[in-house]
1. Among helices (runs of 4 or more DSSP H) lying entirely in region 376-454, which contain 3 or more residues that are buried (at least 22 other Cβ atoms within 10 Å of the Cβ) and under 38 Å from the mean Cα position of the chain (by Cα)?
2. If you take the residues of region 1-50 that are at pLDDT 95 or above, β-branched (Val, Ile, Thr) and more than 18 Å from Lys313 (Cβ to Cβ), which of them is nearest to the ligand (Cβ to nearest atom)?
3. Might you check whether a residue that is under 29 Å from Gly252 (Cα atoms), surrounded by 22 or more Cβ atoms within 10 Å (Cβ to Cβ), of a type in the set (Gly, Ala, Ser) and in contact (Cβ under 8 Å) with a residue 24 or more places away in the chain occurs anywhere in region 8-24?
4. Can you name the number of the only condition in (1) touching a Lys or Arg at 6+ places or on another chain (Cβ under 8 Å); (2) in contact (Cβ under 8 Å) with a residue 60 or more places away in the chain; (3) more than 16 Å from the ligand (Cβ to nearest atom); (4) not hydrophobic (A, V, I, L, M, F, W, C) that Pro218 fails?
5. Check region 43-54 and report whether any residue there is within 22 Å of Gly242 (Cα to Cα) and part of a helix (DSSP H, G or I).
6. Among residues belonging to region 37-71 that are over 30 Å from Ile492 (Cβ atoms) and among the β-branched types (Val, Ile, Thr), point out the one that is surrounded by the most Cβ atoms within 10 Å (Cβ to Cβ).
7. Scan Ala185, Ala170 and give me the residue that is more than 32 Å from the chain's Cα centre (by Cα), surrounded by 15 or more Cβ atoms within 10 Å (Cβ to Cβ) and closer than 21 Å to Ala290 by Cβ.
8. So in region 239-262, with the set limited to residues that are within 16 Å of the ligand (Cβ to nearest atom) and more than 18 Å from the chain's Cα centre (by Cα), which one is farthest from Asn163 (Cα to Cα)?
Amino acid sequence: MSTSQKSFYLTTPIYYVNDSPHIGTAYTTVAGDVLTRWHRQKGESVWFLTGTDEHGQKVLSAAEAHGVAPQDWCDRLVEDSWKPVWKSLNIANDDFIRTTEPRHMERVQRFLSRLKDQGHIYSGKYEGPYCIGCEEFKLPGDLLEGDLCPIHSKPCEIVSEENWFFKLSAFVPALLEHYKNNPQACEPASARNEVISFLEGDVQDLSISRSTFDWGIPVPWDTKQVIYVWFDALLNYATAVGLDDEAGSVGGKKFAQTWPADVHLVGKDILRFHAVIWPAMLMAGGLPLAKKVFAHGWLMVGGEKMSKSKANKIAPAEITDHFGVDAFRYYFLRAIPFGQDGSFSWEDMAARYTSELANDFGNLASRLIAMIEKYCDGAIPEVAHDSTLESALSETVSKADAAMCALDFQGGITSIMEFCKRVNGYVTEKEPWVVAKDESRKGELDAILYNTAESIRALAILLHPVMPETTEILWESLGASSGCGSLAEQKISDVATWGQLKQGSKVTKGAVLFPRLEEKL
Ligand code: ME8
């Protein structure tokens, strides 16, 4: 791959390390992983960034509550919790940025100094409510009765400080113009509308420093103040790939290859930061804006947004211990339209696991392998063709690719699973177990089994980004790597080319892909 090719650059939010990951933070990270794996499978150069947001009052309070110095607290949580959880979920991120790393802190200070020199920053007095849960300066109109934060249902503290301000309001006309000309820059449409109506309101300049605590990056020209945690955090997307480094340097080259980001994946709770403040910061710095901010909905448990600070928090392991990692990765993207809120229920997850994964997909694969073992001595039979299956596959690949690239994970996965149902229908209709009873119909039997195997080859590739582990087991048991190469190197654009499984490749009965739940519970 040429080094000058622009990478498809996707980011997740960097999560606060006030606690460990839960299924909400895993939802965003898995979605990012599936999308980047899909783009890799398209043969594109990809850069996938995640990380942790370690400064600010919220993290400081968590560390204090545990009697640990904030840096030690962050180190411990990142190494013992965040990184291992992402590894356990098979997240293939290319980089992991921590905002306490020198590579980030130095670039943030340099960028801020540049904005100050260019006249975008001034000193002033800030007075108003602040929600530590959101780490956000609130407008009185944002709050519920009793000055409660609408997201955290907790009272805000009143901040009154001499701070440094960023001239956010100066960028409002340019931001409105940007969204008018590039509607795809903020999706879904409901998110874009919210951003536009916010911009059409009374947008204030933003306080970007704090003086009452010191857990943050010092303001370079006024070290009694630390940089506001969101100003620090948003910059991670650019500092991680070499923001403002010299053109010919390693960082400079990386920046040229990755920036602008293609997708900032976020939850709708942090939409304004990403679709108002962040692009204004980039405009001030004279940098191109990210191509898309996509705000997905919330996972709800018991009718409430699941969050680290509430008792309704579910750790990914509670689910993966029952259903396995791949079913976890599959379920949320399959069940909830990306962009809308969705409720998690064990019953719905168990129902989909059994009907879609164990029955439709897992059983199809195990029946096919068993029949090839029984009727063909375990070797893939001669290449055959079925025009209906072939055209259904072509259609599936185009539909799935269009949907996945548009972040319609539900649409993409549904079209793949519809093809799976169709293959099941083909097997039911052709009744290979009946055909096998008549030796004169051996050619017919071989053709049915080849067509089924070939369809399953395609399913393994198309589902690989969603369920990397299970599809790898399936690929091996189909004996596909000997004739087709590794699963990771299969390209989406070639999936529908029929006849790739090689005659004579040996199939093997692998592990059951999706064991019956009764055996696991
Ligand atoms: O906001 N449903 O970090 P955070 C769906 N550090 N997604 C959820 C969710 C839920 N119930 N709960 C959390 C921060 N998320 C900042 C970000 S970025 C420069 C700084 C996901 O730890 C979702 O992506 O509070 C949400 O936006 C993010 O976690 C918030 O994570």
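The values are calculated or read from the model by the stated rules, or taken from the named source; none is laboratory data. From a predicted model like this one, the values you see are computed outputs, not experimental measurements. Counting neighbours? That spans all protein chains shown, and the Cβs are built from the backbone with ideal geometry, glycine included.
1. Values: elements: 387-405, 409-430, 432-435.
The helices (runs of 4 or more DSSP H) meeting that bar are 387-405, 409-430.
2. Ile14
3. No: zero hits.
4. (1)
5. Here is the first cut: in region 43-54, the ones within 22 Å of Gly242 (Cα to Cα) are 44-54.
Retained after the next criterion (residues that are part of a helix (DSSP H, G or I)): none.
There is no residue in region 43-54 that is within 22 Å of Gly242 (Cα to Cα) and part of a helix (DSSP H, G or I).
6. Within region 37-71, the first condition is being over 30 Å from Ile492 (Cβ atoms), and the residues that meet it are 52-71.
Within this subset, residues satisfying the condition of being among the β-branched types (Val, Ile, Thr) are 52, 59, 68.
On the way: Thr52: 24, Val59: 26, Val68: 15.
Among those that are over 30 Å from Ile492 (Cβ atoms) and among the β-branched types (Val, Ile, Thr), it is Val59.
7. Details: Ala185 fails: more than 32 Å from the chain's Cα centre (by Cα).
Unique residue meeting the criteria: Ala170.
8. Trp259
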